[in-house]
Every structure is written in structure tokens, then in C-alpha cells.
Amino acid sequence: MSRLNDIFTALTVAGSLVVLLKGFGQIKISDWLIGIGTGLLVGVTMYYATLFTPYDFLGIVQGNVEQALVRGVCTFIAMLGGLAIMRQDGTVQVSLAHGKFRKLFVDILIGLAIGLPLAILNVFALQLTQGQSITWQNPLAALSDALQPALVEEFVYRFAFLGLVWMVLRHSMPRSADWQAGLLALFVHNFMHFDDLWLEEPLVALGMGLVMALVWGVPPTILALRRNLESAVAFHWIQDAARFLTGF
């Protein structure tokens, strides 16, 4: 059985390709540069990753080289698909694509500031649930490897997947399509972490998914919808940077 993350990533990439084919003319040169840049960043940091070890994609892709290629390509396509949706008045904005560098800097700081207390809480929660103490890791490796879940998951779920759902809902419920899409993306992103647990203890998976959605899913969703994608990435990044730094 394929992992839920693999399934939704593949569906999102496929949907992004369809959007790109239909709205190819709306893509700007800056969008291509951003898509290529983020894809390369994900690929390079995955190649050198030491603390982050993703599951084999579809049970086939293994090792840092193969993972770097697949994750980089998927990020590139999802980012371009999300940007194509954004150019069609999509709900999640990317300040870098609009050339709003001051807003970009401010919103990254906002995302980090909101995320830091919850990152500390997450470390304490991991200590309790896993029954192990903090083991300090290489700070540079922690900061670099944290880009993997932060960039890939936010670009795939909080940008491309959310945008695709928004496109489906925008005509039938124009006033609430952004929040409806945001909630669906939130729940899909959180619940996909428990695919094995869904088979073993579905009620536990449901409870844990709801807690994660409330504490660690709602803030980046609000940030993405009200600020920009970069603020949500910053929030997500500091969660994993703290986790990797402390050995979880």
C-alpha cells in the first residue's frame, strides 16, 4: 500500500502539470526562475542531508541521489503549478514572485516568531511521547535539513494542493473557497503523517491528527492565506530545525 504522502504528492504534481498546460502563457520568467531555484535548493540540500531521511517514495526511490532528483522535480512542478494558480487570482501569494522583498523579509520574521514557541513545545512533546532525552546534533545540518519538509510540504500542500482545491471551489462558493481549501489542505497534510497508524489504530490516528492540525496546522494555514507562502515556510522550517537540532 502506497503511503498517503506519496499518493497526494503524485496527485498534486499531476494536477499542477494540468494547470501549467492550460495557463502556460500566464507564467512569467520570474516564476520559472523561482521554480527552478526552489527545485535546485531542495535537490541539493537533499543530496547532502544527514539528519533528514524520507521514506522511500512509492517504495521505489531510495538513497539521497534518487530522493534529491525526485523531490527536486516534484517541488519544481508543484511550485510552478502554484504560481500559475496565483497568476489566476489564487488565494495564496508568494511575495518573492511579486518582487515585494521588504514584505518577504518581514513575513519570514513573523513566521519564525510565531513558530518558535510551538517549536519548543514540540521538542518537549517529543521527549514525553518518545521517552528519550535531547541529543544535540550538528546545527548547520539541522538548519539545512529542515528545509526539506518545510519547502517540499508547504509547496506541495499549502500552495499547489490548496490552490487546486481552491480552483474547484471558487465558482460554487466564491466567498469561502480560500478557507475551505485551506482547511482541506490542512487536514490532508496532517493526517497523511499517520498512514500506518490508520491501519493499526484509526481512532488514535484521528485524535493525534486533530491535535496536530489544531496546534501545528492552523498557524501556517492562516499565515499562508493572510500573509504569504514564505511566512508559512518559515513557521514550518523552525519546527523541524528545532526537532533535528535536538535529535528527534
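Comparing Ala177, Ala125, Ala97, which has the greatest mean-square fluctuation in the GNM of the chain with Cα pairs linked when under 10 Å apart?
Ala125
In which sequence would Trp166, Trp216 go, from the one with the fewest C-beta neighbours within 10 Å to the one with the most?
Numbers: Trp166 24, Trp216 21.
Exposure proxy ranking, most exposed first: Trp216, Trp166.
Could you order peptides 184-197, 142-155 by the average number of other Cβ atoms within 10 Å of their residues, highest first?
142-155, 184-197
Name the residue, out of Ile120, Ile85, Ile36, whose mean-square fluctuation peaks in a Gaussian network model built on the chain with Cα pairs under 10 Å.
So, out of Ile120, Ile85, Ile36, the one fluctuating most is Ile120.
Starting at the first residue of the range 228-239, write each ³J(HN,Hα) from the Karplus equation 6.51 cos²θ - 1.76 cosθ + 1.60 with θ = phi - 60°, in whole Hz, x for Gly and Pro.
Using θ = phi - 60°, the values come out as 6, 5, 4, 5, 5, 4, 4, 4, 5, 4, 6, 4 Hz.
For a quick check of your reading of the filter: which trypsin sites (Lys or Arg not before Pro) in the range 149-248 sit in a DSSP loop and have no more than 11 other Cβ atoms within 10 Å? Write out the running numbers ahead of the final one.
Details: sites: Arg158, Arg170, Arg175, Arg226, Arg227, Arg243; in loops: Arg170, Arg175, Arg227.
Loop-located and lightly packed - Arg175.
Rg(Cα) of the range 41-182 divided by 2.2 N^0.38 Å?
So the range 41-182 has a normalised radius of gyration of 1.22.
Run the simple label-point estimate for Phe101 and Gln132 please: 7 Å along Cα→C-beta, distance reported in nm.
Placing both labels 7 Å beyond Cα along the Cβ direction yields 4.2 nm.
Using the Cα centre of the chain as the reference point, and only Cβ charges (+1 on K/R, -1 on D/E), how large is the resulting charge dipole? Debye, rounded to the nearest 20. List each step's numbers first, then the result.
Working: 14 positive and 16 negative charges, 201 e Å.
That gives the chain a dipole magnitude of about 960 debye.
Highest GNM mean-square fluctuation, the chain, Cα pairs closer than 10 Å: which of Gly182, Gly23, Gly217?
Checking each option, the largest mean-square fluctuation is seen for Gly23.
What percentages make up the Cα-Cα pair-distance distribution of the range 98-162 when the bins are 10 Å wide from 0?
The calculated distribution, bin by bin, is 16, 36, 37, 10, 2.
First measure r as the distance between the Cβ atoms of Leu116 and His171, then evaluate 1/(1 + (r/R0)^6) with R0 = 41 Å and state the FRET efficiency to the nearest 0.05.
0.55
Once P(r) over Cα pairs in 10 Å bins from 0, in percent is worked out from the coordinates, which option in (1) 7, 28, 31, 22, 10, 3, 0; (2) 8, 31, 40, 19, 3, 0; (3) 7, 28, 35, 24, 6, 1, 0 does it equal?
(2)
On a 0 to 90 degree scale, rounded to 10, what angle separates helix 63-86 from the longest Cα axis of the chain?
It is inclined by approximately 40 degrees.
Take every Cα pair under 8 Å in the chain that's 6+ residues apart, average their separations, divide by the length, and report that relative contact order as a whole percent.
Contact order relative to length: 30 percent.
Rounded to the nearest 500 deg cm²/dmol, what is the calculated helix-only ellipticity per residue at 222 nm for the chain, with -39500 (n - 2.57) per DSSP H run of length n ≥ 4?
Rounded to the nearest 500, the figure is -22500 deg cm²/dmol.
Bear in mind that the values in this text are calculations on the coordinates, not laboratory data. What you are looking at is a predicted structure, and each value in this text was computed from that prediction instead of being measured. When we count neighbours, we look across all protein chains shown, and the Cβ atoms used for this are built from the backbone with ideal geometry, even at glycine.
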